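Visitor: Here's a structure for you.
The values are calculated or read from the model by the stated rules, or taken from the named source; none is laboratory data. Note that the structure is a prediction, hence the values are computed from the model and not measured. Don't worry about glycine lacking a Cβ; one is built from the backbone with ideal geometry, like all the others, and counts go over all protein chains shown. Just so you know, the surface numbers come from the protein's heavy atoms only, side chains and all, with ligands and any DNA or RNA stripped out. Shrake-Rupley method; radii C 1.70, N 1.55, O 1.52, S 1.80 Å.
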Amino acid sequence: MVETLSIAVIGAPGVGKTSIIRQFIYNDFSEVYTPTKARYVYRPSVILNGNMYDLKILDLPPISSFPSSSSQEWLDLRCRGVRNANAYILVYDICCVESFEYVKMIRQQIVEHREGSSSDVPILVVGSKRDLQRQRFTPRRAVSVLVKKTWKCGYVECSAKFNWHVVLLFKELLGIAVSRGMKQNHTPGIRLQGALQRNRCTVM
């Protein structure tokens with residue numbers, strides 16, 4: 001039986017959420033910025049370390065806050081399914097401090113309001129637009145230490161424009177999700193180390 005993993009991708013306007021998703025699935029990048037106005041679902045299948053998974057990637061338009069209850073979630077069409085997602089990708093622009101403050105707010109709200117236990121839910125913070133490295137608002141190490149040591153989340157930087165670390169971030173998130181959450185579904189154990197090896201993740 002193929003496991004299904006629901007991943008919610010959240011970020012402030014213009015951080016490159018959709019570009020990252022489309023680069024991962026279609027190997028495609030557009031220089032033209034098109035704002036995400038409605039929730040969109042992508043359903044790729046991937047093979048990771050010899051096992052197949054169906055992904056349900058929720059590309060969310062900017063939301064003012066993470067829904068604090070099921071009723072709030074279902075009243076807002078943009079948020080459908082976000083509270084019980086299996087994993088979260090929180091994207092910020094490394095050149096925009098306000099987008100990082102947004103990610104900080106959303107992460108805290110996920111911890112406080114997510115459906116079920118939030119302590120084990122995989123959260124990967126992604127610094128986008130790495131190709132604009134010289135314009136970043138703070139050194140990479142400062143953000144990485146905060147995210148990994150204080151928030152206890154994963155951290156990856158990528159460039160959708162140059163397809164740099166895009167597959168890596170999905171491999172890392174899927175590896176963490178498999179090692180944590182999917183144990184509940186009696187999935188055969190998959191070593192995280194093996195899941196992160198290069199060329200072991202293939203988009204179908």
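Visitor: Restricting attention to segment 1-24, report how many residues are of a type in the set (Val, Ile, Thr) and farther than 20 Å from ILE123 by Cα.
Guide: The number of residues fulfilling the criteria is 1.
Visitor: Quick check on segment 137-156. Is at least one of its residues in contact with a His (Cβ under 7 Å, 6 or more places away or on another chain) and either modelled with pLDDT under 95 or not in a loop (DSSP other than H, G, I, E, B) (or both)?
Guide: Yes: segment 137-156 contains one or more residues that are in contact with a His (Cβ under 7 Å, 6 or more places away or on another chain) and either modelled with pLDDT under 95 or not in a loop (DSSP other than H, G, I, E, B) (or both).
Condition check ((1) of a type in the set (Gly, Ala, Ser); (2) closer than 23 Å to LYS161 by Cβ) across all residues:
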residue: LEU5; (1), (2): no, no
residue: GLY11; (1), (2): yes, yes
residue: THR18; (1), (2): no, yes
residue: GLU31; (1), (2): no, yes
residue: SER45; (1), (2): yes, no
residue: PRO67; (1), (2): no, no
residue: SER70; (1), (2): yes, no
residue: TRP74; (1), (2): no, no
residue: ARG80; (1), (2): no, no
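Visitor: Now for a separate question. For the condition outside any helix (DSSP H, G or I), hydrophobic (A, V, I, L, M, F, W, C), within 22 Å of LEU5 (Cα to Cα) and in contact with an Asp or Glu (Cβ under 8 Å, 6 or more places away or on another chain), what is the one hit in VAL82, VAL91, VAL125?
Guide: Checking each option against the conditions leaves just VAL82.
Visitor: For residues that are open to solvent by 10 Å² or more (accessible area, probe 1.4 Å) and under 13 Å from TYR88 (Cα atoms), tally how many sit in segment 118-151.
Guide: So the answer is 5.
Visitor: Residues in segment 85-130 that are of a type in the set (S, T, N, Q) and under 14 Å from the mean Cα position of the chain (by Cα): how many?
Guide: Number satisfying all stated conditions: 2.
Visitor: For segment 27-47, which residues satisfy the criterion of being surrounded by 10 or more Cβ atoms within 10 Å (Cβ to Cβ) and closer than 16 Å to GLY11 by Cα?
Guide: TYR33, THR36, ARG39, TYR40, VAL41, listed by residue number.
Visitor: SER45 - would you say it is hydroxyl-bearing (Ser, Thr, Tyr) and out of contact with any Leu (no Cβ under 9 Å at 6 or more places or on another chain)?
Guide: So SER45 fails the test.
Visitor: Might you let me know whether segment 2-11 holds any residue that is under 13 Å from the mean Cα position of the chain (by Cα) and either open to solvent by 60 Å² or more (accessible area, probe 1.4 Å) or farther than 17 Å from VAL156 by Cα (or both)?
Guide: Within segment 2-11 (the criterion being under 13 Å from the mean Cα position of the chain (by Cα) and either open to solvent by 60 Å² or more (accessible area, probe 1.4 Å) or farther than 17 Å from VAL156 by Cα (or both)), the answer is yes, since at least one residue qualifies.
Visitor: May I ask you to list the residues in segment 31-59 that are closer than 16 Å to SER128 by Cβ and at pLDDT below 95?
Guide: Within segment 31-59, GLU31, TYR33, THR34, PRO35, THR36 meet the criteria.
Visitor: Next question. Among the residues that make up segment 44-62, is at least one of them touching a Gly at 6+ places or on another chain (Cβ under 8 Å) and more than 26 Å from GLN108 (Cα to Cα)?
Guide: The answer is yes; a qualifying residue exists.
Visitor: Anything in segment 1-27 that is closer than 18 Å to TYR92 by Cβ, out of contact with any Phe, Trp or Tyr (no Cβ under 8 Å at 6 or more places or on another chain) and not β-branched (Val, Ile, Thr)? List them, or say none.
Guide: The answer is PRO13, GLY16, LYS17.
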